[in-house]
Amino acid sequence: MYGAAYSTPPPPAPGRPVQVMAGALAVFGAAAMTLAETVFEILIFQDFSRLDTSGELATGLQPYLILTIVLNMLVTIGLGLAALLTIRRQQVGRILIWSVGGLCAALRLCCLSGIGMFGAINAAVGSAASDSDTSISQLAPGWEIAGSAIFGILALAAVTVAMIMVGLRPVGAWFRAARPAAPVPPRQPYRPYGY
């Protein structure tokens, strides 16, 4: 009655939630789509350099496309690493998914890849077309432009799904269960009251 309370065994660790694997697969998919988009952007850049006889358009877009290609490669590496760490139950994997995934989404929405890239290319072609009869279809095949746009949109969708999946409550509980438990003090021998 006066002895140490019986210690209850810790609850069993929950199994890996389905959301973890779905999020990791979405991250791998986003990395693959980003890589495919980068390949199309390299092809577009080569065609711009080859078909722009004046050289003004290719020279103006060269730093822009090189920066896009480099950032897309870094995003691809970051997403692949994030997915591997998440599967291995490392909390840093989730943080990388949110940070690199946010960068991936921002690149596709407003800045360099996807919608932003095609806005910049159209503006550059429009300014070049005022001096000559240049159109975007004359500088790069339509299948390259369409492929880059499609893979950019798919990468955006996949990374958005992944960021939502790894933020769900069962995933958080699974990661918290991986933390080491607090040390339990040794049991004290029973001593009657007053001794």
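A few points about this structure:
- Put a dot 7 Å past the Cα of A177, heading toward its Cβ, do the same for L84, and the two dots end up 2.6 nm apart.
- Pair A146, V18: separation of 7 Å Cα→Cβ label points (nm): 3.5
- Extension reserve of the L109-L74 stretch, reckoned as 0.36 nm per residue once the Cα distance is removed: 10.9 nm
- Accessible area (Å², 1.4 Å probe, nearest 10) - M163: 50
- Under Karplus coefficients 6.51, -1.76 and 1.60, residue-wise ³J(HN,Hα) of the range 26-36 in Hz, glycine/proline x: 5, 5, 4, x, 5, 5, 5, 5, 5, 5, 5
- Virtual spin-label span in nm between V92 and Q46, 7 Å along Cα→Cβ: 3.6
- Extension gain for V39 to I66 (0.36 nm times residue separation, less C-alpha to C-alpha distance): 8.5 nm.
- Solvent-accessible ranking of R16, R169, R94, R187, largest area first, probe 1.4 Å: R169, R187, R16, R94
The values are calculated or read from the model by the stated rules, or taken from the named source; none is laboratory data. Since the model is a prediction, treat every value here as computed from it, not as a measurement. Neighbour counts are summed over all protein chains in view; Cβ atoms, including those assigned to glycine, are modelled from backbone coordinates with ideal geometry. What goes into the accessible areas is simple: the full protein's heavy atoms, side chains included, and nothing from ligands, DNA or RNA. Shrake-Rupley method; radii C 1.70, N 1.55, O 1.52, S 1.80 Å.
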